[in-house]
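S.K.: Here it is, the structure in full.
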Amino acid sequence: MSEILLRAGTTGHGPYSVDVTPERAGWAFSGLKVLELAPGGIHELATGDDELLVLPLAGGCVVEVLETPGGGAPGVGAQDGGAPDGAALLELHGRPDVFTAVTDFLYLPRRTTAVITAPDGARLALPTARATRDLPVSYQRADAVRTELRGAGAASRQVNNYALGNDVRTDHLLVCEVLTPAGNWSSYPPHKDDEHTDDERELEEIYYFDVAAGPDGPGFGFHRSYGSPGRPLDLAAEVRAGDVVLTPHGYHGPSMAAPGYDLYYLNVMAGPADDGAWLMTDDPAHHWVRGTWEREQVDPRLPMTRPAQEAR
């Protein structure tokens, strides 16, 4: 359990509250850092062999892109009237917290140097993947983030796609976030993505959890991961804000929001395929559950978040 469940703070150092490299996880591609900056904080970032997103979890920041693989200051791709071409200084307006709004974000390719400044303080997720191609820097606006509602009834949840199933160009990195209303189940039915077939892709997956607090203190949830035949894995654990679960293989789910506490997790996925596809297969014992959703309504508490300007 200790190898795949990383409690809040156990991987942190310096300005990072989370630092999970592929080497730390024991695999080849996926990683995650969470950068905490006090008001006025400045941090220089070098991506090295990784591509990454600068994805605000709470607060916003300004990113100055100093150098990219081609050398010198980069041009920055604009999306839907976002950052102007040629800009190297970009403001990410961010959001108050993950339960309030979706956020704008920035894609940085490998071998890129940037300086991040947080005038009012910020907590920033930096999901990473080992990369083999040099792609352009890309600024993405919050109102372009594709949101979908999955499941029904007590399995209703919201998925915000940042680098998954959209036009955001990455090499191997896939990123989304899932919001689960209090009392509901996500990542359900349990599914796996650990082999390359017509119906599945081999992906190393990271869950980073946040939990809405109650009136008297922090909340909690639960998560389950288990193995497939011949590949043992067994985790059934309480999760709290800042905890990380690694899924090297096997079935993952459900992630359960305790009554009274909304649950959030950031999903970071990467693997050897270069087609950018997220394909998974349900545990055959539980696939039938999907058929019951036709008779149920989506939880009326969804969607929980929208672009920040709509959420105000």
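The values are calculated or read from the model by the stated rules, or taken from the named source; none is laboratory data. Quantities reported herein were computed from a predicted structural model and do not represent experimental measurements. Virtual Cβ from ideal backbone geometry, glycine too; neighbours counted across all protein chains shown. All accessible areas refer to the heavy atoms of the entire protein, side chains included, with ligands and DNA or RNA removed. Shrake-Rupley method; radii C 1.70, N 1.55, O 1.52, S 1.80 Å.
S.K.: If I compute solvent accessible area with a 1.4 Å probe over the protein chains, what percent of it on the chain is carbon and sulfur?
M.R.: Carbon with sulfur: 51 percent of the solvent-accessible area.
S.K.: Sticking with this structure for a sec: Give the span of region 134-232's Cα atoms along each principal axis, as three whole-Å numbers ordered largest to smallest.
M.R.: That works out to 48, 43, 25 Å along the principal axes.
S.K.: Another question about this same structure. Once the Cα gyration tensor of the chain is found, what semi-axes does its equivalent ellipsoid get, as square roots of 5 times the eigenvalues, in whole Å, sorted largest first?
M.R.: Each semi-axis is √(5λ); the values are 30, 22, 19 Å.
S.K.: Where only protein heavy atoms count, and the probe is 1.4 Å, what is the accessible area per residue for the chain in Å²?
M.R.: It amounts to 41 Å² per residue over the chain.
S.K.: Let me cross-check Arg7: its accessible surface, 1.4 Å probe, with only protein heavy atoms counted, in Å² to the nearest 10?
M.R.: 100 Å²
S.K.: Something else: For the chain, what is the calculated [θ] at 222 nm in deg cm²/dmol (nearest 500), taking -39500 (n - 2.57) for each run of four or more DSSP H residues and dividing by its residue count?
M.R.: -500 deg cm²/dmol
S.K.: Going by average Cβ density within 10 Å per residue, which order do the peptides 210-222, 247-259 take, highest to lowest? Each step should come with its number before you reach the end.
M.R.: Numbers: 210-222: 15.8, 247-259: 21.1.
For the peptides 210-222, 247-259, the packing ranking is 247-259, 210-222.
S.K.: Additional query: Could you sort Lys33, Lys192 by accessible area so the largest value comes first, with the probe set to 1.4 Å?
M.R.: The ordering from most to least exposed comes out as Lys33, Lys192.
S.K.: Principal axis lengths of region 176-270 from Cα atoms, whole Å, largest first?
M.R.: 46, 23, 20
S.K.: Still on this model: Normalised by the residues of the chain, what does the relative contact order come to in percent, with Cα pairs under 8 Å and at least six apart? Intermediate results must be reported in sequence, preceding the final value.
M.R.: Values: 889 pairs, mean separation 64.6, N = 312.
Averaging sequence separation for qualifying contacts and normalising by length gives 21 percent for the chain.
S.K.: Between Gly253, Ala277, Val168, whose Cα lies farthest towards the positive end of the dipole of region 168-279 when Lys and Arg beta carbons carry +1 and Asp and Glu beta carbons carry -1, centred on the Cα centre?
M.R.: Gly253
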